[in-house]
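The values are calculated or read from the model by the stated rules, or taken from the named source; none is laboratory data. Predicted model, so just to flag it, every value in this text is computed and none were measured. With ideal geometry, Cβ positions are generated from the backbone for all residues, glycine too; neighbour counts draw on all protein chains shown. Heads up: the accessible areas ignore ligands, DNA and RNA and are worked out on the full protein's heavy atoms, side chains in. Shrake-Rupley method; radii C 1.70, N 1.55, O 1.52, S 1.80 Å.
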Amino acid sequence: MKRFTPSEIEPKWQKIWADDERYRAPDESDKPKYYVTGMFPYPSGAGMHTGHFFEHSIVDAVARYKRATGHNVMYPMGWDAFGLPAENYAIKTGTAPAVSTEQNIANFTNQLQRVGASIDWSREITTSHPDYYRWTQWVFTKFYERGLAYQKEASQWWCPVDKTVLANEQVEDGKCWRCGSEVEKKSMKQWFFKITDYADALLEETPALNWPEKIKTAQTNWIGKSDGIIYKNKVRDTDLEIESFSAHFEAFTANTFVVIAPDHPFLPALVDGVDNADEILAAAKEMVIKRDSEGPGSLANVEGIFTGRNAIDIFGDEDLPIWIANYALADYGTGIVLCSAHDERDFEFAQKYGIRLKPTMVPIDPIEAEKVKNLEYCFTDMADGVLIEPKAFEGKIAGSHRQEIVKYLEHEGYATSTIKYKMRDWLISRQRYWGAPIPVIHCEKDGAVTVPEKDLPVLLPEVEDYEPKGESVLASQHEWVNTTCPTCGGPAKRETDTMDGYACSSWYLLRYTDPQNDQAAWAPEKAKYWTPIDMYVGGDHAVAHLLYVRFWNHVFYDMGLVPTKEPVGQLVYHGLIQAEDGRKMSKSLGNVVDPLEVIDAGYGADALRTFELFLGPINENSNWSSKGIAGVHRFLNRVWTITQEYMEAEKGDGENTELTALQHKTIKKVTRDIERLSFNTAIAALMEYVNDLYKLKTSGFSNEWQAPIESLVQMVQPFAPHLAAELWQQLGHDGQLDFEAWPTWDEARTVADTITVVVQVNGKVRAKLEVAADASEDSVKEAALAEENVQKFIGDKKPTKVIYVPGRLVSVVVK
RNA sequence: GCGCGGGUGGUGGAAUUGGUAGACACGAGGGACUUAAAAUCCCUUGACCUAAACAGUCGUGCGGGUUCAAGUCCCGCCCCGCGCACCA
């Protein structure tokens, strides 16, 4: 008998698959299309780790299952190749990022081939290649034309170590996401994409997405829509007017003071003419620095500076003193807030600085209401709070009169309703070399002009020194920088910032549909066939990437380039495979498991893949186990052995309904489990199947075993494709297993002749009995009551009720 | 603080609409084969009680409840993980 040797069969089949280009997906087919892939990786120098392998074990299992069930499957692969690590490596070693990136890609590619991933390599893309970023730049110019790309002077997060601007989501706890150093604020001219224009459109589509709830919630919160109102108040002794936003305006007459953000652009004008204006501005500046370095403060450390100005109360009450407060944000709402006794921070702030407070909403309980009136605590419960003024709303529940209050405020001319979002526009410029150059030329006469399509790509020039010096390395490439204006032909300079890597990854799923197109980013009819992607698998990026792909696709939809607003159908979010010690795998902890070492140790890629899926549910974290993989290898070996034994055995004729029931039952279970991505239980079902086949084989093989053995090989294919291909061939098939039909089950044959029925007396199991599968209800009940142990517990009482759950149990109730 | 998950044997985890809790696997123990070991094959393995049981008791974070029947549903708690967090 041949031995199971992964190190022989795996390279054999990998070569066959590569030579045949077997997994190349045609752009048209009679079969339904199925587009699936994982989030393309950044090709780091460390190579693929077990986590990457995990993602591809999932994607490949799905791709292979879908192929077997008659789909035209596209499983493409690409590289998110622009980014800081390659550039930092270049700064350290002098190796051009283009060179080190290619090496890393070669390494990743080899690793993916070694696991037998059924990738359509003809669609491979690399974001740092000019034939790709040419179209990233093209998208930029289109966005610019549509008013979705713009430049503005802005105070931005700046990493002093990486010497680059960072997007909000690249700042974690006041530290740079890459190097971990403290970030600071710096004002500079930056490019933005106007994602806020699509806030509502994105929000509207979110609930219907077939995505994990937690990601949908995260995105909804990130967009952070709130409807509220805008007040306008005149500033006493000046011609100035301030605007403030309020989303919790129910107790609107409670406002007794105003706060403004310390970095608000309006602040200098506001304090102009106040005696100690300079001191105030200096203190405000200090407040900004302190806030930026210490991060957001807590309730307990609200701080303020009086501006010396007062706003005139629109409701005709006393003036509202205007304070600078550290908790007011310049870039949310209008940066100015009317404050009241019904907000915890405002309350805290007023108490600290002795500012007048006037509660106008109280609890129903009169004792509690008195406490609120006496400012013993801050009452914020809009849902249950009773308004005590103004007259028009006296005695009404604040929360349930929101709309009436808005109407009232608008009608009386006190305020206008509006909508605000937490989400800011997407800052995309980076003062970095290793990215796609922003395709803009600055001309003295014509201003910022985008590079015409015929002149794209704006190639990234080769440089000698990668060390950034406060601006992009590109700024020192004078020959590259100095150019002519495409509009007037006069001398002009190129934009030296490059685009955020997220720009490159925001459209790559579309490029996969038409990767070699040199006339367009993609042909709309290709996108029409392939998109939206049916399944997108990843374990990272709750908001950033997953919101940006949606944003871009919405724009492309408006441009008529894609068939649907949303780019991603089902999103599958997987957990991490952690180290055996339960910690995250990391080089510094020395607990990283190298997938190729596992393969080379003799377990093979099939065992590695199967084991990763067997560890637990894919959406949860699990821990690597070196013992566990041995168990899975044992299972695959048993699949191999029983198939060999079957092929070599002398086979008689014979019927075995138990065997057939087993086969059909397992096909049903495995198919359903794969459909719901419950791979661990699908594999467990296959293990159970093999264990049962081992028991049945003790009474000899017959010709009737052919179908059960073939089903086993077919079902094992998505997990252990090399083993399955080899066995399929040995079983005498010429065809390609990947495209053979998935085994189907016949419901009628999933049930054996006899079934086990449990008998409960007062909810406790007292007996089990074997009955014919087609036994009548009455006969089962009768047999159940006749059981000795059942009789023992019934005693001389009479059953008050006998319940029969078909095929499962009989429940006897005795009182 | 807000949001989303989750607490089941020594371990990872099953139990799809309430219907035999612990599938499958690891680990552990025993046996077969072998000069021996590895590999392989077979058996046992929630706790308690028991000489043993296909006899019984308990058992899915804690306390109540609904039901013939609850890991699953309801009410009230405790704990853990993750994400977001000065958004007026």
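Quick notes on this structure:
- Boolean, A:Phe40 is within 28 Å of the chain's Cα centre (by Cα) and not in a loop (DSSP other than H, G, I, E, B): no
- Residue within the range A:547-560 that is at pLDDT below 95 and open to solvent by 20 Å² or more (accessible area, probe 1.4 Å) present: no
- Inside the range A:478-507, residues that are under 39 Å from the mean Cα position of the chain (by Cα) and without any contact (Cβ under 8 Å) to a residue 12 or more places away in the chain make up a count of 0.
- Any chance A:Val810 is open to solvent by less than 40 Å² (accessible area, probe 1.4 Å) and assigned to a strand (DSSP E or B): yes
- Scanning the range A:313-349 for residues being under 25 Å from A:Ser155 (Cβ atoms) and in a strand (DSSP E or B) gives a total of 8.
- Among residues of the range A:398-412, those that are among the hydrophobic types (A, V, I, L, M, F, W, C) and either open to solvent by 50 Å² or more (accessible area, probe 1.4 Å) or under 30 Å from A:Phe551 (Cα atoms) (or both), counted: 0
- Any pair with Cβ under 8 angstrom, 6 or more apart, that starts in the range A:208-232 at a residue that is of a type in the set (Phe, Trp, Tyr) and ends at one that is in a helix (DSSP H, G or I) and more than 10 Å from RNA strand B (Cβ to nearest atom): A:Trp222/A:Leu547
- Looking only at residues of the range A:413-463 that are open to solvent by 40 Å² or more (accessible area, probe 1.4 Å) and among the hydrophobic types (A, V, I, L, M, F, W, C), we find that the one that is nearest to A:Ala544 (Cα to Cα) is A:Ile419.
- The single condition among (1) modelled with pLDDT under 95; (2) touching a helix residue (DSSP H, G or I) at 6+ places or on another chain (Cβ under 9 Å); (3) open to solvent by less than 20 Å² (accessible area, probe 1.4 Å) that A:Trp530 does not satisfy is (1).
- Subset of the range A:577-606 (residues that are of a type in the set (Gly, Ala, Ser), surrounded by 16 or more Cβ atoms within 10 Å (Cβ to Cβ) and under 24 Å from the mean Cα position of the chain (by Cα)): A:Ala579
- Residue within the range A:52-66 that is open to solvent by 40 Å² or more (accessible area, probe 1.4 Å) and either under 26 Å from A:Arg511 (Cβ atoms) or in contact (Cβ under 8 Å) with a residue 40 or more places away in the chain (or both) present: yes
- The lone exception for A:Phe679 - which of (1) closer than 23 Å to A:Ile9 by Cβ; (2) free of Cβ contacts under 8 Å to residues at least 40 places away in the same chain; (3) within 16 Å of RNA strand B (Cβ to nearest atom) it fails: (2)
- Filter result for A:Ala521 (of a type in the set (Gly, Ala, Ser), more than 16 Å from RNA strand B (Cβ to nearest atom) and touching a residue at least 60 places away in the same chain (Cβ under 8 Å)): yes
- Of all residues assigned to the range A:498-506, none qualifies as being over 28 Å from A:Met188 (Cα atoms) and either among the charged types (D, E, K, R) or out of contact with any Pro (no Cβ under 6 Å at 6 or more places or on another chain) (or both).
- The single condition from (1) out of contact with any Asp or Glu (no Cβ under 8 Å at 6 or more places or on another chain); (2) buried (at least 24 other Cβ atoms within 10 Å of the Cβ) that A:Tyr75 fails is (1).
- Residue, surrounded by the fewest Cβ atoms within 10 Å (Cβ to Cβ), within the range A:607-658, restricted to residues that are assigned to a helix (DSSP H, G or I) and more than 13 Å from RNA strand B (Cβ to nearest atom): A:Glu648
- Some residue of the range A:400-419 being farther than 28 Å from A:Tyr332 by Cα and either over 27 Å from the mean Cα position of the chain (by Cα) or outside any helix (DSSP H, G or I) (or both): no
- Some residue of the range A:746-753 being in contact with a His (Cβ under 7 Å, 6 or more places away or on another chain) and crowded, with 17+ Cβ neighbours inside 10 Å: yes
- Meets criteria (within 7 Å of RNA strand B (Cβ to nearest atom), closer than 17 Å to A:Thr610 by Cα and open to solvent by less than 30 Å² (accessible area, probe 1.4 Å)) for A:Ile674: no
- Residue ranges of strands (runs of 3 or more DSSP E) in the range A:221-312 with at least 2 members of a type outside the set (Gly, Ala, Ser) and either more than 30 Å from A:Ile397 (Cβ to Cβ) or open to solvent by 20 Å² or more (accessible area, probe 1.4 Å) (or both): A:225-234, A:241-246, A:304-311
- When the range A:697-723 is limited to residues that are assigned to a helix (DSSP H, G or I) and over 21 Å from A:Tyr65 (Cα atoms), the one that is least open to solvent (accessible area, probe 1.4 Å) turns out to be A:Trp705.
- Looking only at residues in the range A:335-363 that are under 22 Å from A:Tyr414 (Cβ atoms) and open to solvent by 30 Å² or more (accessible area, probe 1.4 Å), the one that is farthest from RNA strand B (Cβ to nearest atom) is A:Arg356.
- Pair list, Cβ < 6 Å and 6+ apart or interchain, from the range A:86-107 residues that are open to solvent by 40 Å² or more (accessible area, probe 1.4 Å) to residues that are assigned to a helix (DSSP H, G or I): A:Tyr89/A:Ser100
- Test: A:Leu769 is more than 9 Å from RNA strand B (Cβ to nearest atom) and part of a strand (DSSP E or B): yes
- Sole residue being among the polar types (S, T, N, Q), more than 16 Å from RNA strand B (Cβ to nearest atom) and under 27 Å from A:Pro359 (Cβ atoms), chosen from A:Asn310, A:Asn233: A:Asn310
- Scanning the range A:127-164 for residues that are within 17 Å of A:Leu84 (Cβ to Cβ), out of contact with any Cys (no Cβ under 8 Å at 6 or more places or on another chain) and not in a loop (DSSP other than H, G, I, E, B) gives A:Gln156, A:Trp157, A:Trp158, A:Thr164.
- Residue in the range A:67-86 that is part of a helix (DSSP H, G or I), acidic (Asp, Glu) and at pLDDT 90 or above present: no
- The range A:426-471, residues that are in contact with a strand residue (DSSP E or B) (Cβ under 8 Å, 6 or more places away or on another chain), assigned to a loop (DSSP other than H, G, I, E, B) and among the basic types (Lys, Arg): A:Arg432
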